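Read the structure below first, then the notes.
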Amino acid sequence: MAIIAKIEAVLIADDASTFVTREIDCVELSFGGIEGDRHYGLFAKADSRQPMYKKGQEIMNRRQLSIVSAEELQGIAQRLGVETIKPEWLGANIVVSGAPELTKLPMGIRMILPSGGGLVCEGENEPCAGPGKQIANYYGDRSLTQQFIKHAQQSRGIVAYVERPGEIKPGDLIQIQI
């Protein structure tokens, strides 16, 4: 069984001073993700997400891409009582529609691109204060930082890594293999 989702946007975090992303027309994904993106690379440094390793030790990068669902973003906005949640505020690299429960996908699910490229889901991208602060700043309401962390649980999107390189662009249909 497969879910067919539509790529609504592709974004990159190529400004070293922030995690906030910006839209791009298309990108050729490589084994490291999106070249020039802050999460690009085959390897990463261990942080609080990997407490079994000493902070800073080199590990495999399984968080190359952040993928969000347009439907889940709208749900978060509704729960927060705001007009919209922009994917760039969350540092998203890919926005899909047609996958209203994207965040609930289990680890290991494969997503196949029309170009032949493939992504592997590494699970939920836990809500944190960084995106919450972006939302709070935009709406001028500091309480939205903590509210975001609460109201984005199980709907903030997933992280993934590139299993097979390929082009991705808005309008592509991605096959999520269940």
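A few comments on the model shown:
- Of the residues making up region 169-176, one or more are of a type in the set (A, V, I, L, M, F, W, C), open to solvent by 60 Å² or more (accessible area, probe 1.4 Å), under 16 Å from Ala70 (Cβ atoms) and touching a residue at least 24 places away in the same chain (Cβ under 8 Å).
- Within region 50-65, the set of residues being acidic (Asp, Glu) and on the phi > 0 side of the Ramachandran plot is empty.
- Residues being touching a residue at least 60 places away in the same chain (Cβ under 8 Å) and touching a Gly at 6+ places or on another chain (Cβ under 7 Å) - total across region 91-110: 3
- Criterion (more than 17 Å from the chain's Cα centre (by Cα) and open to solvent by less than 10 Å² (accessible area, probe 1.4 Å)) met by exactly one of Ala13, Ala46, Ala5: Ala46
- Options Ala129, Ala136: the member that is surrounded by fewer than 18 Cβ atoms within 10 Å (Cβ to Cβ), without any contact (Cβ under 8 Å) to a residue 40 or more places away in the chain and either in contact with a Leu (Cβ under 8 Å, 6 or more places away or on another chain) or aliphatic (A, V, I, L, M) (or both): Ala129
- Tally of residues being open to solvent by less than 90 Å² (accessible area, probe 1.4 Å) and within 25 Å of Gln134 (Cβ to Cβ) across region 51-65: 4
- Residues being within 19 Å of Arg63 (Cα to Cα), open to solvent by less than 100 Å² (accessible area, probe 1.4 Å) and assigned to a loop (DSSP other than H, G, I, E, B) - total across region 18-35: 6
- In region 80-113, the qualifying residues are those that are more than 11 Å from the chain's Cα centre (by Cα) and of a type in the set (Val, Ile, Thr), and the one that is surrounded by the most Cβ atoms within 10 Å (Cβ to Cβ) is Ile85.
- Listed by position, the strands (runs of 3 or more DSSP E) contained in region 82-178 that have at least 1 residues being charged (D, E, K, R) are 110-112, 118-124, 158-164, 166-168.
- When residues in region 148-176 are screened for being of a type in the set (Ser, Thr, Tyr) and over 18 Å from Thr84 (Cβ atoms), 1 of them pass.
The values are calculated or read from the model by the stated rules, or taken from the named source; none is laboratory data. Given the structure is predicted, the values throughout are model-derived calculations rather than measurements. Every residue, glycine as well, gets a Cβ built from its backbone with ideal geometry; the counts of neighbours run over all protein chains shown. Quick note on the areas: whole protein, heavy atoms, side chains included, nothing else; ligands and nucleic acids left out. Shrake-Rupley method; radii C 1.70, N 1.55, O 1.52, S 1.80 Å.
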